[in-house]
1. What is the set of long-range amide H partners of residue 531 at a cut-off below 5 Å, with H atoms built 1.01 Å from backbone N?
2. Report the trypsin sites (Lys or Arg not before Pro) located in segment 513-588 that are in a DSSP loop and have at most 16 other Cβ atoms inside 10 Å of their Cβ, or state none.
3. Pairwise over distinct Cα atoms, reciprocal of the mean inverse distance: report the Kirkwood radius of segment 226-357 in Å, one decimal place.
4. Give, in nm to one decimal, the length gained when the segment between residue 633 and residue 381 is fully stretched (0.36 nm per residue of separation minus the Cα-Cα distance).
5. Taking θ = phi - 60°, what integer Hz values does the Karplus form 6.51 cos²θ - 1.76 cosθ + 1.60 yield along segment 623-631, in sequence order, with x for Gly and Pro?
6. Kindly put 276, 543, 104 in sequence by how many other C-beta atoms sit within 10 Å of each C-beta, fewest to most.
7. Hand me the tally of lysine pairs in the chain: alpha carbons under 27 angstrom apart, and the pair either on different chains or 8 or more positions apart.
8. What's the center-to-center distance, using Cα atoms, between segment 127-201 and segment 244-321 in Å?
Amino acid sequence: MSEPQAPSSASASDQDPAGQPITALRGVGPQLAERLARLHLATVQDLLFHLPLRYEDRDTVRRLGALRPGESGVVIGRVEHAGIAEGRRKRLIVQISDGTGSADLVFFHFHPGQRQQMRPGTPIRCFGELRPGPTGPQMVHPEYRLGPRASAGDEGPHGLTPVYPTTQGLHQQTLRKLIDQALALARHMPDWLPAELTRELGLPALAEALYYVHKPPVDADTAPLVEGRHPCVQRLAVEELLAHHLSMRRLRAHLQAAADAPTIHGDGRLTRRLLDSLPFALTEAQRRVDRELAEDMTRSVPMLRLVQGDVGSGKTVVAALAALRAVEAGYQAAIMAPTELLAEQHWRSFNEWLAPLDIPVGWVSGRAAGRRREAMLAALAAGDYPVVVGTHALFQDDVRFQALGLVIVDEQHRFGVHQRLALKEKGHRGRSQPHQIIMTATPIPRTLAMTAYADLDVSVIDQLPPGRKPVKTVAVSETRRDEVVARIGAALAQGRQAYWVCTLIEDSEVLEAQAAEETYAALQAALPGHRVGLVHGRMKPADKDTVMADFAAGRIGLLVATTVIEVGVNVPNASLMIIENAERLGLAQLHQLRGRVGRGEAESSCVLMYHGPLSQAARARLEVLRRSNDGFEIARRDLEIRGPGELLGTRQTGELSYRVADLNRDAGLLPRVQVLGDRLQQAHPERVEPLVRRWVGASERYGQV
Ligand code: ADP
Ligand code: MG
């Protein structure tokens, strides 16, 4: 069997023009490449798989009177009146009408000449979203053209205009042009799925699917495209799932066939001391999973086991026990978390538990550099740290171990970032490979685990520690915000702590951070005498840590946060959580967020604040959370509710592992993916490698957050 991830990337781009770096495209210099990298776009094919969030029809002229609030469209009319309104923010308001209706165009940013141009009677063509305004329908900052050009038709091909997820300083127009270039190259992109297979599935060829998704005709039904039900999106999803499946399969086969693992027979001297020192007894489920792990580690076949357990089920202590078993047998254990914040939290737990046993816990993160890092690396290589906690930085090339016996990856709900299994080289001592555990809070149905994780062994901690009080959950309309703030004030006055979570639907860290800053300012003003803190993804890591530490120590009463707090934060005294725009989040994410409270003595509550009116599905989702605190039950209901027809605001933060596929949405494809995998392997084994590289090569980069 050949080495799986070996060949150089040069050979990939030789055969596949889409494998080229993004800088091969015209106009991509270092600065633009850097911005694109923020969206995880590094190669031409990354652009091709960067699918539109939605589409706009900028060709068909609409009648103003027929355009509904919330709809975007082109209208052609005349200026009726233009004037500058003073007020909190100065703005230019231009009243237009087209004979079927009228609207106000509102500009917060404008120059004096702009008003002069807007003479009554001037023809105007504009494109924007119609929204209800204080004096009737309005369009804020529409694109527009004036004068004779207003009614002239557009040159060029007609079609829908895609709107892509983007980032600060990167214009839609730029992305569109780059994707056009990429699409031209895509015509020569090899299609690794044999035509007979895609035909059987009733799905289009790769190039066709890509072209349609980025450039649908003007009359295309966009709902299935946006929701991912369209055959062209499904075609991409199948290919992606297949690539991941094959990659996992190969990795697993390779690991388990070609390598020995250290046989770990712990003598119990450390695990017993840890258990004795804990202020609690393990739950039945924790004990069972602990036994399963211990038994796997006694074998000379490398363990590959997924440990699933709901938020708060106590996975960390189970991980610590497994680590101690490795240490008892003379091996090192490494624990990796997806973020700095979470890694630090783990370091703290591990240190608190292991320091009394005289086991020093090492720390490796992307941030530590220079001499401290070198000293740590030297100590790890010498075996001075039997246990080490860190981020992805743990698996950089220069990190060496004396005798790594066990790797534990805490994915939280970042389900799918499983490429980290490729940590294999780290354990090398001859043919020896470390055992591996992946911990996840995402309840994964069996079929899904089979496919996505290529039949990884699964252990489930299906029980919460006793005495956990369910989090009382209520759904409250945004209009009752003042009441909610008053309630927080009362809770803070009693010494309780609270989270206020700001969420947005558009995939923009910038906007989310902005919203959090505004909310922070407003809450500070509304709650004088209380200490309010703020964390968001765009803050410097050191500042973030200071705020988190202050919150953990009780120096901050109310923490305003974006969804960065989602991953694993443990502050037991926090007993109240407000989630803004709850109607826009998926159930899994809401459940994860809510899991930050209900960890201490006090009765905890969670307020799901929504903007009405609620769609039927949104109402159903909030209702599920109101009724259940059980992650497995919630996941089941999630699948039911996510029937076709509803576009979910399921921006599952951090879930970067799949670009097109969505494990819930595409669950129905999974059994087929397994069969496809067998057939491709048999009929075209030479295609497996490039297929995996196309899709999975990139997700390894994703791991390097
Ligand atoms: P998660 O599974 O979400 O990672 P943690 O490991 O962070 O959960 O555990 C959550 C909290 O529960 C921690 O404070 C931990 O010390 C505590 N805990 C773990 N196991 C038990 C138990 N058997 N009884 C009581 N508390 C426990
Ligand atoms: Mg955890």
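Values in this text are rule-based calculations from the coordinates and carry no lab data. Values in this document were obtained by computation on a predicted structure and should not be read as measured data. Methodologically, a virtual Cβ is constructed for each residue, glycine included, from the backbone with ideal geometry; neighbour enumeration extends over all protein chains shown.
1. Distant-sequence amide H within range of residue 531: 557, 558.
2. 531, 538, 555
3. Answer for segment 226-357: a Kirkwood hydrodynamic radius of 17.4 Å.
4. Taking 0.36 nm per residue and subtracting the Cα distance, the gain is 86.2 nm.
5. Taking θ as phi minus 60°, the curve returns 5, 4, 5, 4, 8, 10, 10, 9, x Hz for segment 623-631.
6. 276, 543, 104
7. Close lysine pairs under the 27 Å cut-off: 6.
8. Cα centres, segment 127-201 to segment 244-321: 49 Å.
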